[in-house]
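Single-structure report; data block below.
The values are calculated or read from the model by the stated rules, or taken from the named source; none is laboratory data. Just so it is clear, the model here is predicted, and its values are computed rather than measured. So basically every Cβ, Gly included, is an ideal-geometry build from the backbone, and we count neighbours across all protein chains shown.
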Amino acid sequence: MKGCLISLEGGEGAGKSTAMSHLAARIAARGVELVQVREPGGTETGEAIRRLLLDPASTGLCAETELLLMFASRAQLVRETVMPAIARGAVVLTDRFTDASFAYQGGGRGMDAGRIAELERWVCGIKPDLSFLLDLPVEQGLARARGRGPSDRIEGEADTFFERVRTAYRRRAAEEPARWRVIDASQPVDAVLAALDIALDAYFGAAR
Ligand code: Z5A
């Protein structure tokens, strides 16, 4: 099988942590090389950028700086890890990718989508082959996420910010239905994982 990039996206409290572990186990069980990464982060440089981005003490970051730091982390990850792994035939599973910039910085912060698309072409150069969107009402997701402990800098945003993030994610999924699988993340965990299995099996079945 050819190497590929699979991304997992969703708003706050969507259940990405559980879904990531499950997807990783299912992919590895197919006997392929699995490379698991996260954004922002995933490299030494990227993890340093992540700390800066998520630290609630980073109060003065303007939207442009936030966007460029997301792409700085991504540039490093793509060159250091993602491209080499795909080239040797691995499946790369990432916890968020460029769609998160369209959703959070584009939808949430109101930054121009055309500018983000330019960065995507220039800095990144690749798109996921398959993207999962764990979708659920913002209120339900925030109730789950806020039960987890102190918020990071972005989690501390207002509910209206996360409504815009959700709208942007859903719009992207509707615009590219061949790439996206939208999963109803308001369901019990078992039902979410079963829906992921069906979509993943169908993808690998078709790619074989
Ligand atoms: N960001 C950005 O702005 N721009 C970008 O380009 C990129 C990222 C790449 C990264 O934070 C932040 O960076 C993120 C977007 C922004 N901002 N925020 N806010 P992160 O990676 O540390 O965190 P996260 O991505 O927001 O979420 P997470 O912690 O990895 O996962 P989650 O989906 O929010 O939730 P969870 O921890 O998996 O689950 C939350 C709780 O719900 C937990 O107690 C679970 O047990 C429970 N849960 C999970 N599933 C269920 C179901 N089905 N039913 C009931 N309860 C459940």
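Assorted remarks:
- Residues located in the range 94-144, provided they are of a type in the set (Lys, Arg) and in contact with a strand residue (DSSP E or B) (Cβ under 7 Å, 6 or more places away or on another chain): Arg96
- Residue that is at pLDDT below 95, basic (Lys, Arg) and part of a helix (DSSP H, G or I), where the choices are Arg144, Arg115: Arg144
- Hits in the range 1-35 - residues which are assigned to a loop (DSSP other than H, G, I, E, B) and either surrounded by fewer than 20 Cβ atoms within 10 Å (Cβ to Cβ) or free of Cβ contacts under 8 Å to residues at least 24 places away in the same chain (or both): Met1, Lys2, Gly3, Ala29, Arg30, Gly31, Val32, Glu33
- Cβ-Cβ distances below 7 Å connect the following pairs, each with a first residue in the range 128-150 that is under 30 Å from Phe204 (Cβ atoms), a second residue that is exposed (fewer than 15 other Cβ atoms within 10 Å of the Cβ) and acidic (Asp, Glu), and a separation of six or more residues or different chains: Asp135/Asp184.
- The range 62-91 residues that are in contact (Cβ under 8 Å) with a residue 24 or more places away in the chain and surrounded by 15 or more Cβ atoms within 10 Å (Cβ to Cβ), paired with ones that are acidic (Asp, Glu) and not in a helix (DSSP H, G or I) (beta carbon under 6 Å, 6 or more apart): Ala90/Glu33
- Tallying residues that are within 15 Å of the ligand (Cβ to nearest atom), under 17 Å from Met83 (Cβ atoms) and over 18 Å from the mean Cα position of the chain (by Cα) within the range 32-52 yields 1.
- Residues of the range 36-58 satisfying the condition of being free of Cβ contacts under 8 Å to residues at least 40 places away in the same chain and either β-branched (Val, Ile, Thr) or not in a loop (DSSP other than H, G, I, E, B) (or both): Thr43, Glu44, Thr45, Gly46, Glu47, Ala48, Ile49, Arg50, Arg51, Leu52
- Any hit, the range 174-182, residues being under 17 Å from the mean Cα position of the chain (by Cα), surrounded by 14 or more Cβ atoms within 10 Å (Cβ to Cβ) and assigned to a helix (DSSP H, G or I): no
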